[in-house]
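What follows is a single structure, written as structure tokens, with notes after it.
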Amino acid sequence: MSSDGGSFGSAGLHIGSDWAVRCSTYPDTTPILSVDAGRTTVSVSIAPAKGMTAHGVAFARELAEEAALFATDCERLYAEQHDQDQAAENGAG
């Protein structure tokens, strides 16, 4: 795929227990956010690499907001599952 300054690419990633997330920063180019899942890595950066635009900052902020929502929902589901497991253990005893 090529880009005329617009976005490009597509990926889906299902995370198991073999994951890592990192943000690589550099003094004169845009940062790179990487998500590793097993032997697969998805990296996200801002174009152009040598200049930060208002659009890039807006994207980064929205990415952070959506990631926070993702984490909140994962925590909610985990807590509900944990509560159900505790109730089942208490009922079995």
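The values are calculated or read from the model by the stated rules, or taken from the named source; none is laboratory data. This structure is a prediction, so every number in the text was calculated from the model and none was measured. Cβ placement follows ideal geometry from the backbone for every residue including glycine, while neighbour counts extend to all protein chains displayed. Areas reflect the complete protein model, heavy atoms only, side chains present, ligands, DNA and RNA absent. Shrake-Rupley method; radii C 1.70, N 1.55, O 1.52, S 1.80 Å.
A few remarks follow.
- Filtered residue count, the stretch 43-60, keeping only those that are in contact with a Ser or Thr (Cβ under 9 Å, 6 or more places away or on another chain), open to solvent by 50 Å² or more (accessible area, probe 1.4 Å) and of a type outside the set (A, V, I, L, M, F, W, C): 4
- Flag for residue 54 being touching a Gly at 6+ places or on another chain (Cβ under 8 Å) and among the aliphatic types (A, V, I, L, M): no
- For residue 40: the one exception among (1) exposed (fewer than 10 other Cβ atoms within 10 Å of the Cβ); (2) out of contact with any strand residue (DSSP E or B) (no Cβ under 6 Å at 6 or more places or on another chain): (1)
- Residue match in the stretch 12-23 (condition: farther than 19 Å from residue 74 by Cβ and open to solvent by less than 70 Å² (accessible area, probe 1.4 Å)): no
- Only residues that are farther than 19 Å from residue 6 by Cβ and either of a type in the set (Lys, Arg) or without any contact (Cβ under 8 Å) to a residue 12 or more places away in the chain (or both) were counted across the stretch 18-53, and they come to 8.
- Matching option when the condition is β-branched (Val, Ile, Thr) and under 24 Å from residue 12 (Cα atoms), among 41, 53, 29: 41
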